Each structure stands twice: as C-alpha cells, then as structure tokens.
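Colleague: Can you keep this structure in mind? I'll have questions shortly.
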Amino acid sequence: MKIRFINARLLTMDKNENVTFGELEVTDNHISYVGEERKNVAIKCDREIDCQGNVLMPGFKNAHTHSAMTFLRSFADDLPLEDWLHKAVFPAEAHLKKGDEYHLSKVAIAEYLTSGITAAFDMYYNPLETARAASDSGFRMVCLGTVTSFRESVDDMVSAYRVINSSKNGLVTYRLGFHSIYTTTREILQELSKAAHSLKTPIFTHTSETEVEVKNSLEKNNLTPPAYIESLGLYDYGGGGFHCVHMQDEDFEIFKRHKLYVVTNPSSNTKLASGIPEIQRMIDENIPVAIGTDGPASGNCLDFFREMFLVTGLGKLRTKDASAVKATEVIKMATVNGALAMGLDDADVLAVNKKADIIMIDLQQPNMQPINNIVDNIVYSGSKQNVKMTMINGKILYEDNKFFLDESIEQIYQKAQEITDRIKRDMRHD
C-alpha cells in the first residue's frame, strides 16, 4: 500500500521546528519519502492526497494516561486528589469486570484520534485488555505496569511484559511501573527493583504530584519520593515520573543523574489543584519533558491541544515571564520527547524509514488564519477542530471527522455506556 501526500506544509521535527513545502510518501507502515515536491516523475500509488497547503507532522504522543478510566469521566469532580482517589475512584474500580477495560479503552482511543494522538503511554490494570483494544483498533500503545498493594503483582507485570513484548503486530509494547510510593510497600518495590534489574528496563510512576505526598514521604522515609525511589535502585535503568509538580533541588539532580523523563499533566494538575511544576527550570537543566493528558477521570477530556496550551501558559505564570516555555519547546515535548520517553524512537519525527504515524493539521479554519507562525498557531490557538487526519502505522484511522476502526463508533459508545451504568448500579448496592 502506497499513499502520496502532495502540496503539503511539512513540520518534520527532524533537527528543527521549521516548516517547509513539499510532499511525503508512505509505503506500507513507514515513510518512504519526505522532502521537496517531485516534479515530472511518474509515481505509482494507491492513493494520492492533496494536502492543499495543510500541515503534515508527527502525531502527538500522550505520555501519560489511563485509557480505560473513561467510565469515570465527570464521575467525581471538584475533589482534592486524596479524596478523589480513595473515596471515588478506587471504590468504582473495584466493580470492573473482565473485559471491561477492552471496551472502555476504545472510547479513549477514538478520542485520541480526534486530538491527533498517535500513541499513548497507558497505565492501568489488566493491560492485556488495553493492548487488545489498541491492536484491534490499529492504535499504537505502550502499556505500563501498575503494581499496588491491592491490585496487580510484580509477577503479573513480568508476565504481561513477556506476553505483550513478544507480540509481532508492532503496535503494542509494555514497560514496568508502579502506581506510586503511597499505594505500595517497600517489599513490593524491592521485588519490582529485582525484576527491573533482571530485565534491564526503565521504571515509571506517579511522583511528587502533591505537597501531601512529598510531606508524607519525608516523614515516613526521610526522603523525597524520587530519592526514595532511587534508594531502592528503581531508576538504575532510567525511566521517569508523572506529574513532578513538587520537585526539590535534590530531585532535579536525581532526574539528571539517571536521565529520567518528566511527564507533565497540566489539565489534571490544574483541576485537582495539585500545583504548577517548574517546567522552564527543567528545560534549562536539560531534563526532557513530555506531555500527558492523565486519565479522563481527572482531566476529563483527552485533548492534547488543551494540554499544550496549559504547559506553556502555566509555565509562564509560574515564572512570571511571558518568554518562558516557548511554543517550539512545547511542540518538541508533544512529539519527539513523548516518543523517546515511551521508547518509540522509530516514530518520533517525519523521516525516511520512520513509522508512518502522521497527522494533518487543517489550516483552513478561522483559528489558523491569517498565517504568521504555524508552530505558534498549533500551540497557542490550535484545537481538535484542526485535526483533519490521523494516520498510524500507515493506516488512516480518522479523516474529516470519520473513524475507520474495527467497529462502529456507535457500538463503541453503547458498550462503554452499558459498563458505566452497570458499575453505578453495583455501587448503589455496596
């Protein structure tokens, strides 16, 4: 299968954020040409798409999410994190049944496509169900272990690691992780550390999300959360942390020492009033930052344009400097940094032999006109209405507001609603 895109503005993210005119060719699941327009050349292809001056760029990488939590969208709002988690989320999750995560994840996948997201770093229970949903939908997913004291074990994770990473479809991979230091024990984390060393794999987790979390860690362990994690050898093969709102000076040194990734989640942190991280300091100290939506239970929507704007907007507010966290930095976080954090170094930029994970940004919308600076437009004024096409692994899954999935969008919605209604009924009988 060969698809040729002509008359395109190209934002390749390969070496810089410059936009050029040209064309791009996809052969099967990879990019076979990207560059200047080829004139007077006979090129056979299965489909030729005239981009009409719209932008082709790498898809956004959602570097932290909980896809199957769609059933908790707008379920428990206006609560502080601790109450939200322990009084609403965990009790509802106790009613999930086998197979639920498969159908619930499909709603999230559809929403990712509308937001130009071509890969997600998903942290949730029963990852084999999420992996199956992604594979069936043609979506790229990196599943992450979620060991806690009450659900999922290290053995479960190691088993999922081997099963998913041995899959040959090329769309789904798996990494080790744990929910947080406050939902696990030292013994569990020591066991996880042994597994990480045996597999020589990075570890990711929620960390330093709230002041309460940091305070409790200092009182209990006499260490900040990142320092405690480091002390157990969990960062010996790299990895990173989600949120990283309340980082202390020593935490910055830990992240630099182990070349860890920060994944910031501004919508969730804003809505849960967790705080504003020091993004500009991370940039200045060469700590790579990626962006995540968090789950639909906390930030409610899976909208990468909202996340990008909040990353820069809150970064400027935190420093009281309008020049902080520039759009060029944010677009790199949203694409290249996210891909590298997730281990997707074959899907980070538009270049020959890279995976064909490509989105088209519609410039023929009022929020994009007139055109002065395209990168600034995407970050500061862009929205989901500008996503004209989302291609993953060489297949167009979303184009002109239509989905091309393994089942109809109406069926996906119906099944998710049935699960949501059942869980609410079950909770009323608790």
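Colleague: Check THR293, THR335 and return the single one that is within 26 Å of HIS246 (Cβ to Cβ) and of a type in the set (S, T, N, Q). Steps first, please.
Modeller: Values: THR335 fails: within 26 Å of HIS246 (Cβ to Cβ).
When all the criteria are applied, what remains is THR293.
Colleague: Looking at (1) farther than 19 Å from GLU93 by Cα; (2) under 21 Å from the mean Cα position of the chain (by Cα), which is the one condition that is false for ILE181?
Modeller: The number of the failed condition is (2).
Colleague: Working only within segment 334-345, note down all residues that are in contact with a helix residue (DSSP H, G or I) (Cβ under 7 Å, 6 or more places away or on another chain) and not acidic (Asp, Glu).
Modeller: Step one: filter segment 334-345 for residues in contact with a helix residue (DSSP H, G or I) (Cβ under 7 Å, 6 or more places away or on another chain), giving 334, 345.
ALA334 - this is the single residue of segment 334-345 that is in contact with a helix residue (DSSP H, G or I) (Cβ under 7 Å, 6 or more places away or on another chain) and not acidic (Asp, Glu).
Colleague: While we're looking at this one, here's another question. Restricted to segment 189-231, and to residues that are within 20 Å of the chain's Cα centre (by Cα) and not hydrophobic (A, V, I, L, M, F, W, C), which residue is surrounded by the most Cβ atoms within 10 Å (Cβ to Cβ)? Break it down into steps so the answer makes sense when it comes.
Modeller: Here is the first cut: in segment 189-231, the residues within 20 Å of the chain's Cα centre (by Cα) are 201-209.
Now narrow it down to the ones that are not hydrophobic (A, V, I, L, M, F, W, C): 201-202, 205-209.
Details: THR201: 18, PRO202: 22, THR205: 29, HIS206: 25, THR207: 26, SER208: 26, GLU209: 26.
Among residues in segment 189-231 that are within 20 Å of the chain's Cα centre (by Cα) and not hydrophobic (A, V, I, L, M, F, W, C), the one surrounded by the most Cβ atoms within 10 Å (Cβ to Cβ) is THR205.
Colleague: Say whether the condition of being of a type in the set (Ser, Thr, Tyr), in the same structural domain as MET308 (by TED's automatic domain parsing) and touching a strand residue (DSSP E or B) at 6+ places or on another chain (Cβ under 6 Å) is met by at least one residue in segment 224-233.
Modeller: no
Colleague: Assess whether ASP156 counts as being within 22 Å of PHE403 (Cα to Cα), assigned by TED's automatic domain parsing to the domain that holds ILE203 and either surrounded by 24 or more Cβ atoms within 10 Å (Cβ to Cβ) or of a type in the set (Asp, Glu) (or both).
Modeller: Numbers: within 22 Å of PHE403 (Cα to Cα): no; assigned by TED's automatic domain parsing to the domain that holds ILE203: yes; either surrounded by 24 or more Cβ atoms within 10 Å (Cβ to Cβ) or of a type in the set (Asp, Glu) (or both): yes.
The answer is no for ASP156.
Colleague: Give MET123, MET141 a once-over and let me know the one that is surrounded by 23 or more Cβ atoms within 10 Å (Cβ to Cβ) and under 30 Å from HIS429 (Cβ atoms).
Modeller: Values: MET141 fails: under 30 Å from HIS429 (Cβ atoms).
After applying the criteria, what remains is MET123.
Colleague: Scan segment 215-244 for residues that are touching a Leu at 6+ places or on another chain (Cβ under 7 Å), farther than 18 Å from LEU144 by Cα and touching a residue at least 24 places away in the same chain (Cβ under 8 Å) and jot them down.
Modeller: First, the residues of segment 215-244 that are touching a Leu at 6+ places or on another chain (Cβ under 7 Å): 217, 224, 231-232, 234-235, 238-241.
From what's left, farther than 18 Å from LEU144 by Cα: 217, 224, 231-232.
SER217, THR224, LEU232 - these are the residues of segment 215-244 that are touching a Leu at 6+ places or on another chain (Cβ under 7 Å), farther than 18 Å from LEU144 by Cα and touching a residue at least 24 places away in the same chain (Cβ under 8 Å).
Colleague: Please work out if ASN353 is polar (S, T, N, Q) and farther than 30 Å from GLU93 by Cβ. Outline the logic, then answer.
Modeller: Working: polar (S, T, N, Q): yes; farther than 30 Å from GLU93 by Cβ: yes.
Judged against the criteria, ASN353 is a match.
Colleague: Out of the strands (runs of 3 or more DSSP E) lying entirely within segment 137-255, which hold 3 or more residues that are closer than 30 Å to ILE409 by Cβ and at pLDDT 95 or above? Can you show your working first?
Modeller: Numbers: elements: 140-144, 172-178, 203-207, 239-243.
By residue number, 140-144, 172-178.
Colleague: Now, a different point. Can you tell me which residue is farthest from ASP357 (Cα to Cα) among those in segment 76-120 that are among the acidic types (Asp, Glu) and not in a helix (DSSP H, G or I)? Talk me through it step by step, then tell me what you get.
Modeller: The initial filter retains those residues of segment 76-120 that are among the acidic types (Asp, Glu), namely 77-78, 82-83, 93, 100-101, 111.
Those still in the list that are not in a helix (DSSP H, G or I) too: 77-78.
Details: ASP77: 34, ASP78: 36 Å.
The extreme case among them is ASP78.
Colleague: Just give me the residues in segment 232-264 being over 22 Å from GLY315 (Cβ atoms) and surrounded by 15 or more Cβ atoms within 10 Å (Cβ to Cβ), in sequence order.
Modeller: Of everything in segment 232-264, those that are over 22 Å from GLY315 (Cβ atoms) and surrounded by 15 or more Cβ atoms within 10 Å (Cβ to Cβ) turn out to be LEU232, GLY233, LEU234, TYR235, ASP236, TYR237, GLY238, GLY239, HIS258.
The values are calculated or read from the model by the stated rules, or taken from the named source; none is laboratory data. Small disclaimer: the values here were computed from a predicted structure and weren't measured. In this analysis, Cβ positions are derived from the backbone assuming ideal geometry, glycine residues included, and neighbour counts consider all displayed protein chains.
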